[in-house]
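Enquirer: This is the structure, below, for whatever I ask next.
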Amino acid sequence: MLDNNFAFAVVRSKYPHVGNLIEEHWEEPDFGAVMDELLNPDPRRQGFPSAVFNALRSLALMHEMEVIHAARQGEHPQLILNLEH
């Protein structure tokens, strides 16, 4: 999924460590929490440039859609979605 993903390529090209974090957690139940922390950074930090922030949001949405699809297929019933974000 991430190999040919433009949004992932944007993030990884600018912030390789963030790309690695996303890749490590993509199939884990804590992915939403990881993305929440990236998208809502510590106010003492500058945050991401808009292109990277938008790419992160796209990845979060793509992951959410993948989880919804998998849940409908019965593949990941242990994942709980918070669709209020």
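Enquirer: How far, in nm, would the chain grow between Asn5 and Asn54 when pulled straight, counting 0.36 nm per residue and subtracting the alpha carbon separation?
Expert: Extending this stretch completely gives an extra 16.3 nm.
Enquirer: Residue separation times 0.36 nm, minus the C-alpha to C-alpha distance between Glu66 and Asn40: what's the value?
Expert: Here the segment from Glu66 to Asn40 would lengthen by 7.2 nm.
Enquirer: Along the three principal axes, how long is the chain when you take its alpha carbons, biggest first, rounded to the nearest angstrom?
Expert: Principal extents (largest minus smallest coordinate, Cα): 39, 29, 18 Å.
Enquirer: With 10 angstrom as the radius, rank Met62, Met35 by how many other C-beta atoms surround their C-beta, starting from the fewest.
Expert: Listing Met62, Met35 from fewest to most nearby Cβ atoms yields Met62, Met35.
Enquirer: Given all pairs of different Cα atoms, what value in angstroms does the Kirkwood hydrodynamic radius of region 1-43 take?
Expert: Kirkwood hydrodynamic radius for region 1-43: 10.8 Å.
No value in this document is a laboratory result; all are computed from the given coordinates. Here the structure is a predicted model, which is why all the values come from computation and not from measurement. Glycine gets a Cβ as well: all are built from the backbone with ideal geometry, and neighbour counts include every protein chain shown.
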